[in-house]
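Laboratory data are not the source of any read-out in this text; all were calculated from the coordinates shown. Predicted, not measured: the structure shown is a model, and the values here were computed from it. All Cβ positions, glycine included, derive from the backbone under ideal geometry; neighbour counts span all protein chains shown.
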Amino acid sequence: MTRIWKPFLLLVISVLASPVFAEAGSNTLRIGYTEFPPVEYQNEQGEPAGIFIDLTREVVKEAGYKPEFIYLPVSRIYLYLKNGTIDLWPGLSGIPSLQGEVLESWVNAYPVQLSAWYLETSEPLLHFDQLEGKTVIVIGGYTYGGLRAWLEASGRIVLTEAPNHRAALEMLKLKRGDYVLDYRQPVEAILTQPADNMIRESELRSRYSAWLFSLASPRAALLREELDDAYLRLVSRGEAPPLRDPDSSFVIPGFPEGAR
């Protein structure tokens, strides 16, 4: 009898000791973050910082886990969410390329404003049709919730890419484009140079932040429930911002419905 059961017991022990099983029971969460100040960024000491990072740290702690933050370009974050290298990302909801790859948190913490930035000598963007025949500067790696793919397929709008937020503004000042498509928070954080006072803003639409959990992890659904519950407990104690209503978001007239 012992000879019969010994191989089986060895198999069970090897499975329990495997990396996949150990990961599922781990108390550490691997959290990707990127350069999106002041929401999330890497500070001068090489540490994760930002309002969403601070909230994530508190929520993860409340849920009984330890955060391990990993600084990545946004395109690498998408890849690592798909293959399970990271457990979650404090990012934005409704990213088309991540559909079927992640679970989004039910709660919405911070609104994030997508805007068109332009020179004071140009016309404000009041209707999306005004982009026809224009050159739009976009940030490398950003999908803008599917809007970039729509712009590329339109055939009536020229896109040119900048490597980062500051480079995009400099390209605008050099008139290498008519508008910069970028989010309010990171742009406002760098509008510090004297020549930046010639830059104006038109709101395009508002989006909401969310925690995106990798479906490559067997505990994705559990993590979503645990972190959502932890967030609600913090809200009830006045230690986190209240829930946001996504139905109250702003969208400019003419904004393409399929790119929301």
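The figures follow:
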| item | result |
| --- | --- |
| Shape call, the stretch 113-205: gyration tensor on alpha carbons, a/c limit 1.5 | prolate |
| Net charge dipole size for the chain [Lys, Arg +1 and Asp, Glu -1 on Cβ; Debye, nearest 20] | 820 |
| GNM flexibility winner over the chain from 210, 195, 162 (Cα, springs under 10 Å) | 195 |
| Assigned charges on the beta-carbon of Lys, Arg, Asp, Glu; the stretch 173-259 dipole about Cα centre (debye) | 300 |
| Computed [θ] at 222 nm, helices only, for the chain once each DSSP H run of length n ≥ 4 contributes -39500 (n - 2.57) | -9500 deg cm²/dmol |
| Antiparallel DSSP beta bridges within the chain, percent to nearest 5 | 65 |
| Net charge of Cβ neighbours under 15 Å - reference residue 180; Lys, Arg +1; Asp, Glu -1 | -2 |
| Dipole magnitude of the stretch 113-205, debye to nearest 20 (Cβ charges: Lys/Arg +1, Asp/Glu -1, about Cα centre) | 160 |
| Selection from 154, 97, 85 lying farthest towards where the dipole of the chain points positive, charges on Cβ | 85 |
| Convex hull (Cα only) mean projected area of the chain, reported in nm² to one decimal | 17.7 |
| Mean separation of Cα contacts under 8 Å (6+ apart) over length of the stretch 113-205, as relative contact order % | 49 |
